[in-house]
Amino acid sequence: MKEIQMVDLKTQYDRLRSEIDNAIFSVINTSAFIKGPDVRSFEEELQNYMGVKNVISCANGTDALYLAMMSLGLRPGDEVITTNFTFIATLETVALLGMKPVIVEPEAGNFNISPEGIRKAITPRTKAIVPVHLFGQCSDMEVIMKIAGEHGLFVIEDAAQATGADYFFSDGTVCKAGTMGNAGTTSFFPSKNLGCYGDGGAVYTDDDELAKKIRSIANHGMKLRYHYNDIGVNSRLDTIQAAILRVKLRYLDEFNASRKAVADFYDSAFAGCNGIIVPVREKYSSHIFHQYTIRVPDGRRDELKQFLGENGIPSMVYYPGPLHLQEAYRFLGYSETDFPVTSSLCREVLSLPVHTEMEQEQLEYITDKVLHFFNK
Ligand SMILES: *Cc1c(COP(=O)(O)O)cnc(C)c1O
């Protein structure tokens, strides 16, 4: 059996090698390394796939969050509501722009920000909500957009882990993750569902004026050549990455389907196992399984992780610590016991290997070992 990995980018490359190599070498041949034609073509292709009017590519998913926040005119002192159970990028960008992050619990079932929690956290200074579509499933956007509408708040969706996931509104409308708020952001970090061979990111918006602003801020705030209307940054997707992404975008639905097949296999194998809570799949969203994250209650998570490791099965804890307890964010003044849901998730979650190249033999081996752990 092939060695089991959390993600297997090498085997995926071997499968796409000729297309990827052609894409890379055609960029080198023209040597249009910055703002070459593939960048705009990729943006247009991603616009079509996402069903959004504007895709603005940039250097990474964290920059995408800055660009969205800066372009919406969020100011120091504004309060921005976001989730406690995610990667640090959302909290970090809010804090670095001098705004006040207001942290809200996730829902224990689906790991995404609690809409009720958002409601309770709103004050007269609240300006925006930043939901994260964690592990590949959308937050409850219908409710979140309704709350935002009632209070005149911006919504910036962090869709870095959910490229290609669908949200189903109760009126039958279907939207891709990242296209429902005022702006959405994503990352093309190599291990993401749509990943490049380095760093990359993008902002989505249906608002053409906002799109112009984002494009300008990503390019030093320049409007006409060497005339600067905004204080900007330098954040670009390079042409080689765009060329690779054009190839991989054509496979995205197939990639997401193979991840879901892995999740389906895990779900049915674990169906009778009391030691495990499998990921909750909400009716309002498809799930593209950026991670397959189980909960292991009764304090047995670390023991299971170690047992799997001893048997050659990698697993990861996303995320081991609540954000409100991180050293850098002590200044926010939260106390240890403020977020019991986040704290218990951090003790219980375990992400199992899920990627586009998993073999049946590997899946059977992993599920056998997990079940053995609980039955021994
Ligand atoms: C990966 C990720 C980011 C940041 O992306 P980078 O491209 O590494 O900057 C932001 N938010 C979430 C939820 C992520 O998973």
Which pairs have Cβ atoms under 7 Å, sit 6 or more apart or on different chains, and link a residue in segment 280-303 that is among the charged types (D, E, K, R) and modelled with pLDDT of 95 or more to one that is surrounded by fewer than 23 Cβ atoms within 10 Å (Cβ to Cβ) and assigned to a loop (DSSP other than H, G, I, E, B)?
Glu282/Asn110; Arg300/Gly275
Only one of Ala263, Ala243 is aliphatic (A, V, I, L, M) and touching a Pro at 6+ places or on another chain (Cβ under 8 Å), namely Ala263
How many residues are in a loop (DSSP other than H, G, I, E, B), within 15 Å of the ligand (Cβ to nearest atom) and polar (S, T, N, Q) if we restrict to segment 91-127?
2
Taking the condition of being under 22 Å from Gln241 (Cβ atoms) and more than 9 Å from the ligand (Cβ to nearest atom), how many residues in segment 59-70 meet it?
3
Could you tell me how many of the residues in segment 68-90 are in a strand (DSSP E or B) and within 19 Å of Phe135 (Cβ to Cβ)?
2
Among the candidates Phe270, Phe289, Phe255, Phe265, which residue alone is more than 16 Å from the ligand (Cβ to nearest atom) and under 20 Å from the mean Cα position of the chain (by Cα)?
Phe255
Residues (surrounded by fewer than 18 Cβ atoms within 10 Å (Cβ to Cβ) and not in a helix (DSSP H, G or I)) located in segment 314-348
Pro314, Met316, Val317, Pro320, Gly321, Gln326, Gly333, Tyr334, Ser335
Inside segment 75-90, can you point out the residues that are more than 10 Å from the ligand (Cβ to nearest atom) and surrounded by 22 or more Cβ atoms within 10 Å (Cβ to Cβ)?
Val80, Ile81, Thr82, Asn84, Phe85
Condition set surrounded by fewer than 17 Cβ atoms within 10 Å (Cβ to Cβ) and assigned to a strand (DSSP E or B), scope segment 188-228, selection farthest from the ligand (Cβ to nearest atom): answer is Tyr228
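The values are calculated or read from the model by the stated rules, or taken from the named source; none is laboratory data. Being a predicted model, the structure only gives us computed values, none of them experimental. Neighbour counts run over all protein chains shown; Cβ positions are idealised from the backbone, glycine included.
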